[in-house]
1. Kirkwood Rh, segment 287-439, all Cα pairs: how many Å?
2. With contacts defined as alpha carbon pairs under 8 Å and 6 or more residues apart, what's the relative contact order of the chain in percent?
3. With 20 Å as the limit, write out which pairs from Lys203/Lys255; Lys63/Lys407; Lys206/Lys407 have Cα-Cα distances beyond it, or answer none.
4. With a 1.4 Å probe and all protein chains kept in place, how do Asp414, Asp260 rank by accessible area, largest first?
5. For segment 356-451, what Kirkwood radius comes out of the mean inverse Cα-Cα distance, in Å?
6. Counting only helical runs of four or more DSSP H residues, what would the 222 nm mean residue ellipticity of the chain come to if each run contributes -39,500 (n - 2.57) and the total is spread over all its residues?
7. If you average the C-alpha positions of segment 361-385 and of segment 57-132 separately, how far apart do those two centres end up, in angstrom?
8. Out of all DSSP beta bridges in the chain, what portion is antiparallel? Express it as a percent rounded to 5.
Amino acid sequence: MNRTRTLLWSAIALSILVLLLAACAPQAETVGEAEPAAQEEEAAAPTEAPAEESEDMSMEPIKIGALAPLSAPGAVVGGEAMREAMLIAAEELNERGGILGRPVELIIVDTEGLPERGTAVVERLINQDGVVGIGGGYHSSVGVAAKEVARDNGVPIVFAETWNDTITSVQYDEIFRIAPLSSEVSTVDVKFMQWLRDDNGMKLDKVVILTENTDYGIPAAENTTALLDEAGIASVTFSVDIGTQDFAGIIERVKAESPDLIVTLATGEASYNFTQQAADAGIGPQDVPTMCNQVSLVSDAFWTNVPDGNHCFVRRIGLPQQLYNDVAQALVAEYAARTGKDDIESYAMASYDSIMLIAQAIEDSGSTDPADIIDALENINHMGALGPITFPINRSITPEQAGVDPKWWHQFPDPAITIVQYQEEGQDATETAVVYPVIYQTAPPIIVGQE
């Protein structure tokens, strides 16, 4: 009897010890993963689901990712405009019945305008959220980094507002762009400056360029400098970090150069800071002809932050409002109802189009396989808010075969570029004068500070 009781207590003690050891052992992290039992059930499931389960699967949403800078140091004003436009696109798609009869789930992520953040959120969109394509994108530095993640995972991105030439010149199958090329924009900028000098009698011996140390600002400044040199115009470049707020030191150096024109290649809120601080120092847009950043076309934010910003020249991507097609007009109406704005920013229009392009590619291919979407994008003819969009340089007609530079790979070739000017204080962006090119001109330029 004593021996039996001893064996019983030994067994109990052994069981307690086993339980204690199990409790102390490290546990596996299961974030985003199935529990072991669920994994076993999945492994044991039939390869082909029953009919009723297939029907349920057909109603699962098609997930599309979207990139926008929604916090500093990114261009927050621009990011918010892009987000609104992409939400409109997703809602329109769902009102039409979705894509391939399935609802659309748009997953918008904040890039903060930073390359490392862009890499992280694109990896999350692809590998955790399971998106089949990605639209949007504002900052070139984000685009340069994000394109590598897209390539590694075979998922297409249609970039809306990333200008750096190398984004397309690397010729990745996964990368498409409807924003203009930075080098092409610089060409328009310098042609505009030459026109001011040659056709309007403006003194233009020296240009000062204020740029940001990013994958947008650095090459844009270099391209502009080279083209100015060819035109016989001297230039000096000052560079700052993205998100800079205090420009006092730089502005003193700019004043010392006595420029005939100032070009601002700093993006977002930093461009507002520089322009107003320059005005306070006597070299603002009402004193020295100034090309302001395109975020200046967010007129409410511009006049709030730059009350002395009248006479800014601003580069606008896209056709003038009077030439908008039906898609653009419908988008403007909905955007205005949501935001209270009378017009829509070019990068918001491009963001809307980027989502719609992915949607049409899925419909055209009849598939959510990223490889099929890429094939469809190469052959697409899409009527967007920016006009008819195609990507004529692709795997069928390579840059080498077409005799063009590699930067035209998967590049929308026809984004219109105009120069507009605020000519009244507090003027709405929709009422700005189109001054260049002459074919679109609605008013001659006002050239300040000339004797």
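1. On the way: mean 1/r = 0.0576 Å⁻¹.
Result for segment 287-439, one decimal place: 17.4 Å.
2. 16
3. Details: Lys203/Lys255 17 Å; Lys63/Lys407 29 Å; Lys206/Lys407 30 Å.
Among Lys203/Lys255; Lys63/Lys407; Lys206/Lys407, the Cα-Cα distance tops 20 Å for Lys63/Lys407; Lys206/Lys407.
4. Details: Asp414 105, Asp260 15 Å².
Largest accessible area first, the list is Asp414, Asp260.
5. Details: mean 1/r = 0.0602 Å⁻¹.
Value: 16.6 Å, from the Cα pair sum.
6. Numbers: 16 runs with 198 residues, N = 451.
The helix contribution divided over the chain gives -13500 deg cm²/dmol.
7. Comparing the Cα centres of segment 361-385 and segment 57-132, I get a distance of 17 Å.
8. Values: 12 of 46 bridges.
Of the beta bridges lying entirely in the chain, close to 25 percent run antiparallel.
The values are calculated or read from the model by the stated rules, or taken from the named source; none is laboratory data. Computed from a predicted model, the values in this text were never measured in an experiment. Because the Cβ atoms are built from the backbone with ideal geometry, glycine has one as well, and the counts that use them run over all protein chains shown. SASA here: full protein model, heavy atoms, side chains in, ligands and nucleic acids out. Shrake-Rupley method; radii C 1.70, N 1.55, O 1.52, S 1.80 Å.
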